[in-house]
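The values are calculated or read from the model by the stated rules, or taken from the named source; none is laboratory data. In this text, all values refer to a predicted model and were calculated from it rather than measured experimentally. Neighbour counts run over all protein chains shown; Cβ positions are idealised from the backbone, glycine included. The protein model used for the area step is the full one, side chains on, heavy atoms only, and it has no ligands, DNA or RNA in it. Shrake-Rupley method; radii C 1.70, N 1.55, O 1.52, S 1.80 Å.
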Amino acid sequence: MDAFELFRKLGAGAKFDLKRFGQDAARSHVGEASSNAFSAIDYFGTGVTSRSQSSPVELDDGGGDDNEEENEVSGAEGKRKQRDEEKDWTAGGPLKDMEGSGITWTSSLDRKIQNLPSDGKEKSSLKRMKHLHQEKVNRIRSQHRINVHGCDVPDPVSTFEDLQSEYRLSPRVLQNLKDAGLTSPTPVQMQAIPLMMHGRELLACAPTGSGKTLAFCLPLLAQLQQPANLGFRAVVISPTRELANQTYRELLRLSEGVGFRVHIIEKASLAAKKYGPQSNKKYDILVSTPNRLVFLLKQDPPALDFSSVEWLVVDESDKLFEGGKTGFREQLAAVFLACSGSKVRRAFFSATCTPDVEQWCRLNLDNLVSVNIGHRNTAVDSVEQKLLFVGTENGKLVAMRDIIKTGFLPPMLVFVQSIDRARELFHELVYEGINVEVIHADRTQQQRDNVVNSFRAGKIWVLICTALLARGMDFKGVNLVLNYDFPTSSVEYIHRIGRTGRAGHQGKAITFFTENDKPLLRRYTQISNFKHIHKVKRRLENKPPTRSTICTTPRILMKKKGKAPNTGPKGEKQAAGGEQKEKRQSQTAVLQQKGEKKTKGQEQKRRNKTQKEGGSEKHKKTTSNSSGAKLKRYCVCVHVFIV
DNA sequence: AAAAAAT
């Protein structure tokens with residue numbers, strides 16, 4: 001097996017994480033179950049939801065990746081019920097209308113059947129038609145690798161137009177879809193949209209870049225129908241502000257001309273006035289990270305009213321279910337509690353799903369439907385994955401410079417493990433004459449926003465980032481994801497490389513690994529023979545080295561964490577600033593060597609602009625060295641690929 | 001294990 005093959009395994013997760021992480025997750029929550037506020041029974045047993053709990057349906061995801069879980073349905077009773085329910089929906093049995101939704105689930109075929117005269121002979125032929133219809137539905141599902149589990153599952157929709165005819169999606173929204181260049185639904189959209197339109201609670205698991213955002217945004221718009229002055233009727237929760245913002249923008253785009261009021265909380269302090277209970281202006285849809293919601297809900301009186309929420313969407317649900325002292329889990333629980341309305345429905349979406357999340361959904365959601373697209377917890381095959389042995393930390397830098405020098409097609413995302421390492425790598429690369437930026441949670445929101453915008457605009461070629469950007473972010477045309485630091489789990493790996501190869505496009509991912517990462521790699525892949533990987537190492541070592549350039553580097557990269565004692569955040573920043581200043585001069589020197597002369601006037605102009613944008617000057621200075629035009633030139637003159 | 005998340 002060569003490195004490539006090995007990596008396939010890593011990404012495709014054959015033996016990779018499923019059981020291991022499943023067990024880990026289960027283990028880490030054992031102690032919590034009784035005390036954690038999110039513990040299902042404590043939490044929802046308090047009569048917060050008045051819905052009748054249908055008996056849990058055994059969910060067999062077919063992947064066999066949750067075998068270690070105890071089966072919740074015990075005894076013959078449960079089994080029988082499950083069989084009955086399955087029989088019901090696979091036979092395409094008649095369905096109840098959703099209360100109050102006014103939407104009939106009945107398919108067009110069923111309507112036809114109802115309209116026909118019903119003597120005995122007709123009936124039997126109709127039965128046959130129904131059977132054929134069900135076969136067709138099954139074919140569509142298997143063709144798109146849609147796996148559903150649950151009872152009374154509506155048919156998937158094959159076109160967006162069907163959403164208009166069957167679910168009264170506004171024509172304007174349909175037009176907005178078309179304007180955005182979206183012509184037909186992706187598999188997760190085909191199945192999840194009808195489900196949400198029927199008010200069904202669901203857990204949807206679909207690969208990165210497969211259109212999950214649209215899969216919940218469309219039904220929100222379609223089901224809320226039109227703006228109402230009721231306060232928030234739908235809430236979407238995301239793990240990062242960047243993702244929340246992206247979802248918000250998506251909702252704005254889709255609802256353009258429909259008059260929905262979509263909102264995102266920018267500053268919690270301003271939030272209360274804007275749409276607190278006493279405010280006149282009522283928004284329909286809210287997108288936010290959870291903690292600021294908790295903050296607002298906790299105020300006395302609460303600055304937020306979630307009593308009219310009809311839909312609560314939890315994006316990246318496995319992330320938001322992370323427990324522990326500092327995890328999101330408790331925050332999520334508080335938000336759930338605040339949605340006190342009787343008709344609140346919940347939907348969970350993610351590319352990866354832990355048994356933990358699934359079990360919670362199974363126990364707590366009303367008549368859960370679980371949708372899985374393809375195999376669970378796998379990397380998308382539209383990403384060409386490569387694994388590169390670089391020996392040591394220094395080797396990473398060598399290989400990184402090699403990639404930059406040999407040529408690559410920007411933009412590229414570079415993932416590192418920690419904020420410190422992000423800073424360090426940025427300092428290393430700032431002088432390479434490329435457009436590099438860095439983003440992590442320690443930067444100001446203004447800086448973060450600027451970086452994301454510039455990256456979207458193609459002004460940044462290399463963006464160094466932490467896990468902040470690992471999930472959900474949809475940057476069009478990221479050509480390469482570089483895992484500079486080895487990901488700490490398969491789940492993280494899947495999300496990171498999922499920033500490329502989206503929406504059917506091709507992408508590339510390279511992952512560096514060192515001697516130190518081997519145990520991790522071995523653990524993930526259960527591979528003990530590194531013979532072939534050493535070959536890769538040799539190849540790298542035989543390359544005409546760019547070694548002369550690394551002599552300035554090790555000091556920083558080898559630096560141990562927790563280095564300077566008693567430097568608070570402030571002291572640290574100042575120190576970094578000083579360092580930066582010093583280095584900026586040397587950078588200028590490099591640039592001039594390369595013939596990138598700039599007049600003083602230009603320089604000043606740029607600086608002013610930078611300051612107006614509120615970006616950090618040190619960063620902006622490097623990125624603004626190059627405009628879009630220069631980027632193009634770069635793309636042309638460097639040859640496309642690497643490694 | 002680290003990152004992210006309110007003011």
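A few notes on this one:
- Every condition in (1) surrounded by fewer than 22 Cβ atoms within 10 Å (Cβ to Cβ); (2) within 16 Å of DNA strand B (Cβ to nearest atom) is met by A:Cys353 except one, and the failing one is (1).
- Selection count where residues are touching a residue at least 12 places away in the same chain (Cβ under 8 Å) and either assigned to a loop (DSSP other than H, G, I, E, B) or more than 12 Å from DNA strand B (Cβ to nearest atom) (or both), scope region A:247-276: 18
- Going through (1) modelled with pLDDT of 95 or more; (2) open to solvent by 20 Å² or more (accessible area, probe 1.4 Å); (3) more than 16 Å from DNA strand B (Cβ to nearest atom) one by one, A:Ser307 falls short only on (1).
- For region A:424-450, filtered to residues that are of a type in the set (A, V, I, L, M, F, W, C) and part of a loop (DSSP other than H, G, I, E, B), the residue that is farthest from DNA strand B (Cβ to nearest atom) is A:Ile434.
- Lone qualifier among A:Leu363, A:Leu337 - being touching a helix residue (DSSP H, G or I) at 6+ places or on another chain (Cβ under 7 Å), assigned to a helix (DSSP H, G or I), more than 16 Å from DNA strand B (Cβ to nearest atom) and over 27 Å from A:Gly211 (Cβ atoms): A:Leu363
- In the set A:Lys319, A:Lys386, only one residue is open to solvent by 20 Å² or more (accessible area, probe 1.4 Å), assigned to a helix (DSSP H, G or I), within 21 Å of A:Arg471 (Cα to Cα) and out of contact with any helix residue (DSSP H, G or I) (no Cβ under 6 Å at 6 or more places or on another chain); that residue is A:Lys319.
- Qualifying residue in region A:209-220 (condition: open to solvent by 10 Å² or more (accessible area, probe 1.4 Å) and in contact with a Gly (Cβ under 8 Å, 6 or more places away or on another chain)): yes
- Unmet requirement for A:Phe475, which otherwise passes all of (1) open to solvent by 20 Å² or more (accessible area, probe 1.4 Å); (2) of a type outside the set (S, T, N, Q); (3) in a loop (DSSP other than H, G, I, E, B): (1)
- When restricted to residues that are farther than 18 Å from A:Leu480 by Cβ, touching a strand residue (DSSP E or B) at 6+ places or on another chain (Cβ under 8 Å) and in contact (Cβ under 8 Å) with a residue 60 or more places away in the chain, region A:393-447 contains 5.
- With respect to the conditions (1) under 22 Å from the mean Cα position of the chain (by Cα); (2) farther than 28 Å from A:Arg249 by Cβ, A:Glu424 falls short on a single one, namely (1).
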